[in-house]
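Have a look at the structure below, then the notes.
Each reported figure results from applying straightforward, stated rules to the coordinates on display, with no laboratory input. All values reported here derive from a predicted model rather than from experimental measurement. Cβ: placed from backbone, ideal geometry, glycine included. Neighbour counts: every protein chain shown.
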Amino acid sequence: MAILELNHVSKSFGGLAANSDVSFRVEEGAIMGLIGPNGAGKTTLFNCITGYYSPTRGEIVFRGHRINGLQPDKVCKLGMVRTWQKVRPLTKLSVLENVMIGALCRTNSVKAARELAARQLELVKMENRADFLAGGLPIGERKKLEMARVLATDPQLLLLDEVMGGA
């Protein structure tokens, strides 16, 4: 069964078509790549899938439910999250607090969020940075922090946008 389906999705900005008639399926458990040159519309498509933009046409189905028009927080609660090309942690919060924000998507308990965040920091090998301010991290560690934060949401589908890119 497909966890994600795009059916004839298009996104235009005025007269500029960023995506045109995109259709594909992602099966549960699959790893899939979306490749193309800079400016090809990959990030725009991710924005449509995760609710930051509404597609101009077409249908996006996640786990059997049409999600066109859902806000990003609702898409996240359904179990789909994304990373960003440009990593922007909450710079005045600690690394642990940044990851806790992701965990709070799944629990109202600060204690449980702290425990989940600590486990995710161990997973990405950043447990020794838990008390550091996120704004002081170099780009490589910011990318790892972002990965820990999205994993703390307990996603069923993770969209990685330029996960290996810098800046």
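Here are the numbers for the structure shown:
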{"quantity": "Approximate spin-label separation Ser23-Leu90, in nm, with each point projected 7 Å along Cα-to-Cβ", "calculated": "4.2"}
{"quantity": "Partners for Lys92 among aspartates and glutamates (Cα-Cα distance below 16 Å; same-chain residues under 8 apart left out)", "calculated": "Asp131, Glu141, Glu146"}
{"quantity": "Inter-probe distance in nm under a simple model that places probes 7 Å from Cα toward Cβ, at Asn68 and Ile31", "calculated": "3.3"}
{"quantity": "Residue of Lys74, Lys143, Lys111 that the Gaussian network model of the chain assigns the largest fluctuation, springs spanning Cα pairs under 10 Å", "calculated": "Lys111"}
{"quantity": "Principal-axis tilt of helix 139-151 within the chain, Cα atoms, nearest 10 degrees", "calculated": "80"}
{"quantity": "Charge tally in the Cβ shell below 14 Å around Ser54, where Lys, Arg are +1 and Asp, Glu are -1, Ser54 excluded", "calculated": "+3"}
{"quantity": "Inter-site label distance for Val61 and Ser12 at 7 Å from Cα along Cβ, in nm", "calculated": "2.5"}
{"quantity": "Exposure proxy ranking, count of Cβ atoms within 10 Å, fewest first, for Glu146, Glu5", "calculated": "Glu5, Glu146"}
{"quantity": "Sparsely packed chymotrypsin sites (Phe, Trp or Tyr not before Pro) within region 1-59, loop by DSSP, other Cβ within 10 Å at most 15", "calculated": "Tyr52"}
{"quantity": "Among Leu70, Thr91, Asn47 - extreme Cα towards positive end, dipole of the chain, charges at beta-carbon", "calculated": "Thr91"}
{"quantity": "Of Leu116, Leu45, Leu90, the one that fluctuates the most in a GNM where the chain has Cα springs shorter than 10 Å", "calculated": "Leu90"}
{"quantity": "Nearest-20 debye value, region 95-159 charge dipole, Cβ charges on Lys, Arg, Asp, Glu", "calculated": "80"}
{"quantity": "Length added when fully stretched, Ser109-Lys77, from 0.36 nm per residue minus Cα-Cα", "calculated": "9.9 nm"}
